[in-house]
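As structure tokens, the structure follows; a few thoughts come after it.
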Amino acid sequence: MFKKISIYLEMIKIEHTLFTLPFAFMGALLGSVSVHGVLPSWAQIGWIVMALFGARSAAFGLNRIIDQVIDKKNPRTENRAIPAGLLKTIEVVVFTIISFILLFWAAMELSPLAVKLLPIAVFMLVIYSYTKRFTWLCHVILGMTTSLAALGGWVAVTNSVDLSAIIFYITLSFWTAGFDIIYAIQDMEFDKKEGLYSIPARFGIYSSLKIARIFHVITAIGFITLFFTSSLSWWYFVGMLISLGILFYEHFILSPNDMSKLQMSFFTMNSVLSIIVFVFTFVDLVVQTT
């Protein structure tokens, strides 16, 4: 049983929760303090965790089902659960349905607006896995999809969306799209061979790194703008400066001639960034409300 659980956890890349969970919490904290002047309740946080787990699990389950033929051809992904025979397709289908049920249940417990926006979220979760088949903007679609976690955290506790929430969402969309471009460089040659679409396959390594940098400049502008449009103060500002330094270093350690630190740039740097921004935001908002 424990082996089966570990296979499911590997399938949904549980470690990648470090990208989304801190920002989902940040959206909830910032939204609650900005609109209600208090931190969200533990019950709200619990339902947000369930919603995020359901959404991520459903998204990964769908992706593994839809991409199983492609995954089997790609040396980097041939050992994933379905192509490796560790899980049957029907098992992943059932897992995905249960994940969607968890998402719907959590949304119903959180806010009416969250329920109304669910069809958009489900559409984005489904369509992303198909985008690599017809557009190199798939990275942007991924960013828009995963950043719904942060926007969802805000909506869950406020039942509303305002300018700061939109800025936060756009900022994280470009952040995710930027590091996904870096990640996709690993599959550049495979994507070309199979006729799949990605920015690295379309523009090459040099231009892809340049586009990723541009996206992360937009991210930096977004984090700065959020400081001026929200209730955040100097604690957040300090954390933001540290995160911008991490973004710079993420690109500094990569070059078209040396991609040996790609995993560090993609996973380590961005995981640390999300945690730092969240921790400093949390301290900021706790100080404000005590």
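List of remarks:
- The condition of being open to solvent by 70 Å² or more (accessible area, probe 1.4 Å), modelled with pLDDT of 95 or more, within 19 Å of the chain's Cα centre (by Cα) and not polar (S, T, N, Q) holds for Ile214.
- Taking first residues from segment 95-109 that are of a type in the set (Asp, Glu) and partners that are surrounded by 21 or more Cβ atoms within 10 Å (Cβ to Cβ), the Cβ contacts under 8 Å between residues at least 6 apart in sequence or on separate chains come to Glu109/Trp47.
- Of all residue pairs spaced 6 or more apart or on separate chains, those with beta-carbon atoms under 8 Å, a first member in segment 32-60 that is at positive phi and a second member that is hydroxyl-bearing (Ser, Thr, Tyr) and surrounded by fewer than 21 Cβ atoms within 10 Å (Cβ to Cβ) are Gly37/Thr289.
- One residue from Phe248, Phe252, Phe237 being free of Cβ contacts under 8 Å to residues at least 40 places away in the same chain, more than 17 Å from the chain's Cα centre (by Cα) and over 13 Å from Phe266 (Cα atoms): Phe237
- Selection status of Leu226, more than 19 Å from the chain's Cα centre (by Cα) and closer than 29 Å to Val286 by Cβ: no
- Filter result for the condition that a residue is crowded, with 17+ Cβ neighbours inside 10 Å and either in contact with a strand residue (DSSP E or B) (Cβ under 6 Å, 6 or more places away or on another chain) or more than 19 Å from Thr176 (Cα to Cα) (or both), over Phe280, Phe237, Phe266: Phe280
- Residue identified as β-branched (Val, Ile, Thr) and under 24 Å from Val33 (Cβ atoms) among Val140, Val122, Val126, Val155: Val155
- Scanning segment 167-186 finds no residues that are hydrophobic (A, V, I, L, M, F, W, C), in contact with a Pro (Cβ under 9 Å, 6 or more places away or on another chain) and free of Cβ contacts under 8 Å to residues at least 24 places away in the same chain.
- In the condition set (1) open to solvent by 40 Å² or more (accessible area, probe 1.4 Å); (2) under 30 Å from Gly46 (Cα atoms), Lys192 is compliant with all but (2).
- Among the candidates Ala121, Ala107, Ala184, Ala150, residue that is of a type in the set (Gly, Ala, Ser), open to solvent by 20 Å² or more (accessible area, probe 1.4 Å) and in contact with a helix residue (DSSP H, G or I) (Cβ under 6 Å, 6 or more places away or on another chain): Ala121
- Look at (1) farther than 21 Å from Asp71 by Cβ; (2) among the polar types (S, T, N, Q); (3) not in a loop (DSSP other than H, G, I, E, B) and you find that Thr145 fails only one, number (1).
- Counting only helices (runs of 4 or more DSSP H) that fall entirely inside segment 1-90 and contain at least 2 residues that are at pLDDT 90 or above and either under 15 Å from Ala150 (Cβ atoms) or open to solvent by 40 Å² or more (accessible area, probe 1.4 Å) (or both), the qualifying elements are 17-36, 42-66, 68-73.
The values are calculated or read from the model by the stated rules, or taken from the named source; none is laboratory data. This one's a predicted model, so the numbers in the text were calculated from it and none came from an experiment. Cβ atoms come from the backbone with ideal geometry, glycine included; neighbour counts cover every protein chain shown. Surface accessibility is based on the protein's heavy atoms, side chains included, excluding ligands, DNA and RNA. Shrake-Rupley method; radii C 1.70, N 1.55, O 1.52, S 1.80 Å.
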